[in-house]
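**Q** One structure coming up, written as structure tokens, with questions to follow.
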Amino acid sequence: MSDGRLEVGSLSAGLGEKLFGVVEFPVLGEPYKLPMWLIHGDKDGPTLVVTGGVHGSEYASVAAALELGRSLEPKGLRGRLIVVPVVNMPGFDARSIYVCPLDGKNPNRVFPGDAGGSGSEQMADWVFRNVISQADFYVDMHGGDMIEELVPFTIFFRSGDEQVDARSLEIAKVFGINLLVASVSQGSTISAASKAGIPAILTESGAQGIWTAEQVADHTNGLRRLMLHLKMIDGAEPEPIPYTLLKRFHWLRSEHEGLWYPQVAAGATVQAGQELGCIKDWEGNVLQTALSPGAGTVLFIVSSLAIHRDDPLFAVGA
Ligand SMILES: [Zn+2]
């Protein structure tokens with residue numbers, strides 16, 4: 001930002017201005033095109049950065065970001081918004097699962113990126129330095145991918161900085177999705193933001209390529225509640241919503257190439273050691289019995305019959 005303007009790459013919005021544009025920057029020597037809205041309120045307030053589509057086929061996140069960017073006006077807004085509906089544009093175009101086709105890497109494992117690295121790493125570096133770093137608060141919206149059944153939940157990162165972590169938990173509660181999950185896994189958008197001192201949450205709703213109005217509203221209602229809480233828009237403080245805090249985020253991965261038979265649905269309450277599914281070979285021999293690593297709630301479970309070695313199978317919040 002310079003002279004009080006809100007700027008990303010070649011885009012620049014003055015006080016009280018809103019604009020949509022496509023920023024271009026080099027990734028692997030080719031132009032990477034990133035659509036976004038800059039909404040510069042006509043009053044002072046915090047900068048909120050909102051991203052969707054870090055995983056390009058998690059459509060509820062993309063639809064919610066589009067709705068926010070199209071509808072929010074700068075008049076009366078206290079503060080600034082940068083809204084990026086699809087971070088992983090190559091993945092969105094290719095309808096890819098988990099990864100960015102530029103390098104086959106999961107973009108949510110490479111933040112804050114590397115300017116001299118692979119395609120995803122270069123993209124993450126640019127997005128982190130030019131977009132996410134401008135945030136006072138950051139919301140990265142996700143959902144279950146094309147092959148994942150999921151119940152809505154919100155992840156916040158434990159960076160070890162008590163002040164930042166307390167503010168991340170605060171905005172996770174305000175967002176209004178009732179399952180909150182603490183994460184310590186590195187390389188995510190919110191881990192990079194938190195470690196840079198920016199309170200951040202990662203919200204999950206929608207799954208399996210489906211994006212119902214209700215799933216999109218999980219994200220858009222949460223954003224509205226957050227903007228009310230931060231006093232960016234006019235209205236009363238949102239009513240508190242009861243929540244469950246899950247301190248552990250257990251993932252189980254496939255140890256085999258084979259066929260996956262899930263035995264519970266997302267949202268199920270399970271016991272430690274309970275069988276949640278199994279992997280079989282073509283003849284029906286069991287290759288792996290997938291046991292729950294803890295007692296808790298199944299947050300997502302893969303629904304694809306085809307499974308690869310090292311694929312996620314499910315996650316349990318405990
Ligand atoms: Zn995702």
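**Q** Are any of the residues in region 45-58 among the hydroxyl-bearing types (S, T, Y), in a strand (DSSP E or B), in contact with a Phe, Trp or Tyr (Cβ under 7 Å, 6 or more places away or on another chain) and open to solvent by less than 20 Å² (accessible area, probe 1.4 Å)? Give the steps one after another, and end with the answer.
**A** To start, the set of residues in region 45-58 that are among the hydroxyl-bearing types (S, T, Y) comprises 47, 51, 57.
Pick out the ones that are also in a strand (DSSP E or B) and you get 47, 51.
Applying the additional criterion that residues be in contact with a Phe, Trp or Tyr (Cβ under 7 Å, 6 or more places away or on another chain) yields none.
No, every residue in region 45-58 fails to be among the hydroxyl-bearing types (S, T, Y), in a strand (DSSP E or B), in contact with a Phe, Trp or Tyr (Cβ under 7 Å, 6 or more places away or on another chain) and open to solvent by less than 20 Å² (accessible area, probe 1.4 Å).
**Q** Which residues, counting only those in region 91-108, are more than 15 Å from the ligand (Cβ to nearest atom) and surrounded by 20 or more Cβ atoms within 10 Å (Cβ to Cβ)?
**A** Filtering region 91-108 for residues more than 15 Å from the ligand (Cβ to nearest atom) gives 93-94, 101-104.
Matches in region 91-108: L102 only.
**Q** Of all residues in region 1-30, which are under 30 Å from D103 (Cα atoms) and open to solvent by 80 Å² or more (accessible area, probe 1.4 Å)? Even if it seems obvious, please write down each step before you answer.
**A** Here is the first cut: in region 1-30, the residues under 30 Å from D103 (Cα atoms) are 7-11, 20-30.
S10, F20, E24, P26, L28, E30 - these are the residues of region 1-30 that are under 30 Å from D103 (Cα atoms) and open to solvent by 80 Å² or more (accessible area, probe 1.4 Å).
**Q** Condition first: in contact with a helix residue (DSSP H, G or I) (Cβ under 9 Å, 6 or more places away or on another chain) and at positive phi. Can you find one or more residues in region 80-96 that meet it?
**A** Checked region 80-96: no residue is in contact with a helix residue (DSSP H, G or I) (Cβ under 9 Å, 6 or more places away or on another chain) and at positive phi.
**Q** Still on this model: Looking only at region 183-192, filter to residues that are open to solvent by 10 Å² or more (accessible area, probe 1.4 Å) and more than 13 Å from the ligand (Cβ to nearest atom); which one of those is modelled with the highest pLDDT?
**A** The extreme case among them is Q186.
**Q** Is it the case, given these coordinates, that W282 is within 24 Å of N108 (Cβ to Cβ) and in contact (Cβ under 8 Å) with a residue 12 or more places away in the chain?
**A** For W282, the condition - within 24 Å of N108 (Cβ to Cβ) and in contact (Cβ under 8 Å) with a residue 12 or more places away in the chain - is not met.
**Q** If P74 meets every condition in (1) part of a loop (DSSP other than H, G, I, E, B); (2) within 16 Å of the ligand (Cβ to nearest atom); (3) open to solvent by less than 20 Å² (accessible area, probe 1.4 Å) apart from one, which number is that one?
**A** Here P74 clears every test but (2).
**Q** Among the residues of region 193-209, which ones are surrounded by 24 or more Cβ atoms within 10 Å (Cβ to Cβ) and either at positive phi or within 15 Å of the ligand (Cβ to nearest atom) (or both)? Break it down into steps so the answer makes sense when it comes.
**A** The first filter runs over region 193-209 and keeps only residues surrounded by 24 or more Cβ atoms within 10 Å (Cβ to Cβ), leaving 193-194, 199-207.
Matches in region 193-209: A200, I201, L202, T203, E204, S205, G206, A207.
**Q** Now a separate question. Could you please find all residues in region 131-151 being assigned to a strand (DSSP E or B), more than 10 Å from the ligand (Cβ to nearest atom) and over 15 Å from S188 (Cα atoms)? Step through it out loud before you land on a result.
**A** At the first step, the residues of region 131-151 found to be assigned to a strand (DSSP E or B) are 137-142, 148-150.
Still in the running and more than 10 Å from the ligand (Cβ to nearest atom): 137-139, 149.
Within region 131-151, F137, E149 meet the criteria.
**Q** When region 110-130 is examined, which residues are found to be open to solvent by less than 40 Å² (accessible area, probe 1.4 Å), more than 16 Å from the ligand (Cβ to nearest atom) and among the small types (G, A, S)?
**A** G113, G117, S118, G119
**Q** Another question, then. Of all strands (runs of 3 or more DSSP E) completely enclosed by region 226-318, which ones contain at least 2 residues that are surrounded by fewer than 16 Cβ atoms within 10 Å (Cβ to Cβ)? Even if it seems obvious, please write down each step before you answer.
**A** Details: elements: 244-246, 249-253, 258-262, 275-280, 286-291, 296-302, 312-317.
Of the strands (runs of 3 or more DSSP E) lying wholly inside region 226-318, those with at least 2 residues that are surrounded by fewer than 16 Cβ atoms within 10 Å (Cβ to Cβ) span 244-246, 249-253, 286-291.
**Q** Oh, and also: Name the single residue that is nearest to R95 (Cα to Cα) among those in region 152-176 being within 16 Å of the ligand (Cβ to nearest atom) and open to solvent by 10 Å² or more (accessible area, probe 1.4 Å).
**A** P152
The values are calculated or read from the model by the stated rules, or taken from the named source; none is laboratory data. Keep in mind the model is a prediction, meaning the values are calculated, not measured. Neighbour counts are summed over all protein chains in view; Cβ atoms, including those assigned to glycine, are modelled from backbone coordinates with ideal geometry. The area values use the complete protein model at the heavy-atom level, side chains included, leaving out ligands, DNA and RNA. Shrake-Rupley method; radii C 1.70, N 1.55, O 1.52, S 1.80 Å.
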